[in-house]
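What follows draws every value from the coordinates through simple rules; no lab data is involved. Note that this is a predicted model, so its numbers are computed, not measured. Every residue, glycine among them, receives a Cβ derived from its backbone with ideal geometry; neighbour counts consider all protein chains shown.
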Amino acid sequence: MRNMPAPVLTIDGPSGSGKGTISRHVANRLGWHYLDSGALYRAVGLAAAWSQVDLSDADDVAACAERTEIHFETGEGSAEPRVIVNGKDATHQLRMETAGAAASAIAAMPPVRAALVQKQHDFRRVPGLVADGRDMGTVIFPDAVFKVFLTASAEERAQRRYKQLKDKGVSVTLAGLLGEILARDARDANREVAPLRPAEDAVRIDTTGLGIDAVVERVLALMPSR
């Protein structure tokens with residue numbers, strides 16, 4: 001029993017499905033560690049831009065991924081963690097749509113995904129891990145005993161993102177965000193490596209019209225013991 005790995009709850013889903021917010025709340029309720037895998041890809045894209053690495057060169061981006069140092073500084077409760085990239089607080093930059101687009105592009109590159117596998121595995125520590133992303137339950141933690149796939153209509157996801165960015169003072173348009181979300185959905189679902197799809201043993205939850213607390217309770221109800 002002493003060699004049993006820490007338990008993992010994976011929460012996958014498309015952009016704007018609420019997986020980050022739900023994962024942070026669930027991790028806080030359980031007292032578990034939290035992994036925002038999307039932030040890792042955004043961080044690599046940002047580090048590559050800082051180093052003027054060509055984002056179309058998979059091998060160069062993978063090399064950048066291997067040498068990039070990424071740390072999460074967890075806030076109080078379910079607050080969004082600060083993300084430190086190569087010693088710099090990059091939290092705000094990583095939430096920009098340009099960072100998301102770069103992350104989606106490099107996430108389709110096999111060498112980059114391979115370079116980040118161990119970094120993600122390193123987050124698996126006792127008492128447990130809540131990991132959110134697009135391939136947590138299918139590729140990174142296929143042995144996870146708890147798996148959830150969140151989704152919501154593209155229109156609602158765009159509305160959520162619009163409000164989130166507006167609250168942060170970012171100038172965006174709803175139509176532009178909807179277009180970006182639809183394009184990212186298609187890119188993530190059709191990439192050759194680790195396409196976005198539910199794990200066969202994942203519980204699907206449509207969050208359209210649901211509040212945060214309601215979704216959190218649905219996820220926690222799946223776990224036999226807290």
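Suppose we look only past 20 Å in the calculated P(r) of the stretch 156-226. What percent of the Cα-Cα pairs does that tail hold?
Values: 1289 of 2485 pairs.
I get 52 percent for the Cα pairs in the stretch 156-226 exceeding 20 Å.
Excluding same-chain residues fewer than 8 positions from K166, which lysines have a Cα within less than 21 Å of its Cα?
K19
V130's amide H: which non-local residues (gap 5+, or another chain) put their own amide H closer than 5 Å, with H modeled 1.01 Å from N in plane and none for Pro or chain starts?
L9, H33, Y34, L35
Explain nothing, just compute: Karplus ³J(HN,Hα) = 6.51 cos²θ - 1.76 cosθ + 1.60, θ = phi - 60°, for every residue of the stretch 106-118 in order, whole Hz, x for Gly and Pro.
So the Karplus estimates, Gly and Pro as x, are 6, 5, 7, 9, x, x, 6, 4, 4, 5, 9, 4, 5 Hz.
Rounded to whole Hz and in sequence order, give me ³J(HN,Hα) for the stretch 28-41 from the Karplus expression 6.51 cos²θ - 1.76 cosθ + 1.60, θ = phi - 60°, writing x for Gly and Pro.
Each residue of the stretch 28-41 in turn: 5, 5, 7, x, 9, 6, 10, 10, 9, 5, x, 5, 5, 5 Hz.
If you stretched the chain out fully between A189 and A49, how much longer would it get, using 0.36 nm times the residue separation minus the C-alpha to C-alpha distance?
Between A189 and A49, full extension yields an extra 47.9 nm.
Using each residue's phi in the stretch 156-173, evaluate 6.51 cos²θ - 1.76 cosθ + 1.60 at θ = phi - 60° and report the 3J(HN,Hα) Karplus result to the nearest Hz, with x for Gly and Pro.
Along the stretch 156-173, the couplings run 5, 5, 5, 4, 4, 5, 4, 5, 4, 6, 4, 4, 8, x, 8, 7, 9, 10 Hz.
Fewest Cβ neighbours within 10 Å first, please rank D143, D135 accordingly.
D143, D135
Per the helix-only calculation at 222 nm, which mean residue ellipticity applies to the chain, given -39500 (n - 2.57) for every DSSP H run of n ≥ 4 and division by its residues, nearest 500 deg cm²/dmol? Mind showing how you got there, number by number?
On the way: 9 runs with 102 residues, N = 226.
Counting only the DSSP helices, I get -14000 deg cm²/dmol.
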